[in-house]
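Just so you know, all these numbers are worked out from the coordinates, no wet-lab data involved. This one's a predicted model, so the numbers in the text were calculated from it and none came from an experiment. Note that each Cβ is placed from the backbone with ideal geometry, even for glycine, and that neighbours are counted across all protein chains shown.
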């Protein structure tokens with residue numbers, strides 16, 4: 001069977017940045033692979049992980065940075081401040097790191113309410129204290145009214161990685177079990193419903209949470225963690241598509257195994273969204289050897305953020321390699337492909 005390649009025969013060319021370039025889909029991947037990554041290319045960056053892991057004088061450090069532009073700034077289950085702290089902690093955790101220190105840079109639009117700024121800052125501090133980390137440096141800029149969207153936040157984080165820990169897409173192996181810790185798409189739908197003022201008689205809240213404690217629990221359980229990836233922009237599907245391509249293995253998941261809140265299902269059905277491509281802020285994919293599946297699930301179930309953990313699929317060496325497929329409830333195998341952009345922009 002010849003290699004199966006999923007390429008648009010007439011790719012659109014852009015002379016300017018469009019919103020889809022930031023959506024975690026195909027256009028963002030092209031922007032990174034063709035414009036940004038070749039200029040900065042180096043062995044650390046080329047690992048394409050959520051954090052850069054470097055050795056400095058015998059210490060193994062993880063370093064990451066991210067920017068947050070969510071709209072609205074306050075949403076059920078969180079706000080941009082909590083999101084910024086938890087998102088950066090989670091990026092560190094996906095490298096197996098214990099988070100230690102964060103930075104906080106604010107870009108504030110002229111006219112932004114001081115009370116709202118105080119609320120956001122206090123939310124950041126509360127999330128940091130809950131995680132046992134310190135916000136130790138930062139920067140503040142103010143831009144003209146109309147030049148921002150209230151406030152944007154950039155955070156960077158540093159954590160320590162035990163010498164024996166090696167969590168990376170490069171370690172994915174055929175036979176690995178794929179486990180997720182929580183239900184899908186709740187963050188994106190909660191933010192979207194709040195933004196649009198839609199009332200589905202739902203109390204749906206974002207899953208925004210710090211997952212570093214849960215990851216440390218997995219490490220302490222002695223699991224041989226091959227890879228971790230939080231399911232943020234682009235959701236579960238985009239994550240698995242990227243990891244299949246990076247590992248050169250086939251990834252297959254079972255649609256009937258996916259945990260999706262009933263309110264999320266209803267909203268997606270009414271509005272025409274696919275929950276597999278919607279961002280999460282408290283959910284990750286875990287790759288472990290098949291023999292450790294039950295041990296991993298048992299460890300996850302002991303933690304509040306892992307009580308819904310379940311096995312959703314496997315890594316396979318079978319052809320076609322480098323593709324992610326979904327076995328539907330009807331028994332049909334569907335190849336998952338990157339969307340051009342994002343179904344719901346400005347949600348993280």
(message) Could you identify which residue out of 194, 252, 269 has the top mean-square fluctuation in a GNM of the chain using Cα springs shorter than 10 Å?
(response) 269
(message) Working only with C-alpha atoms, what are the Rg and Dmax values of segment 227-287, expressed in angstrom?
(response) 12.2, 36
(request) Please give the calculated 222 nm ellipticity per residue for the chain, where each DSSP H segment of at least 4 residues contributes -39500 (n - 2.57) and the sum is spread over every residue; nearest 500 deg cm²/dmol? (result) -8000 deg cm²/dmol
(message) Please report the antiparallel percentage of the DSSP beta bridges confined to the chain, to the nearest 5.
(response) 75
(request) Take the Cα gyration tensor of the chain, multiply each eigenvalue by 5, square-root it, and list the three semi-axes largest first, rounded to whole angstrom. (result) 29, 24, 22
(request) With a Förster radius of 41 Å, plug the Cβ-Cβ distance of residue 195 and residue 33 into 1/(1 + (r/R0)^6) and report the FRET value to the nearest 0.05. (result) 0.85
(request) Calculate the spin-label point distance for residue 205 paired with residue 147, positioning each point 7 Å from the Cα along the beta-carbon direction, and give it in nanometres. (result) 3.8
(message) Connecting C-alpha atoms closer than 10 Å in a GNM of the chain, tell me which of 107, 312, 189 has the biggest fluctuation.
(response) 107
(message) So if each residue of separation counts as 0.36 nm, and I subtract the Cα-Cα distance between residue 174 and residue 256, what length gain in nm does that give?
(response) 27.3 nm
(message) At 0.36 nm per residue, and after removing the present C-alpha to C-alpha distance, how many nm does the segment from residue 18 to residue 126 gain when stretched out fully?
(response) 35.4 nm
(message) Starting from the 7 Å offset along Cα-to-Cβ, what nm value, one decimal, do you get for the label separation of residue 307 and residue 115?
(response) 3.5
(message) Based on C-alpha coordinates, I'd like the Rg and Dmax of segment 201-330, in Å.
(response) 15.1, 45
(message) Once you keep just the Cα pairs under 8 angstrom separated by 6 or more residues, what percentage relative contact order results for the chain?
(response) 24
(request) From the P(r) of segment 278-329, can you give the percent of Cα pairs sitting at distances over 14 Å? (result) 63
(message) Starting from 0.36 nm per residue, how many nanometres of slack lie between residue 319 and residue 48 once their C-alpha separation is accounted for?
(response) 95.2 nm
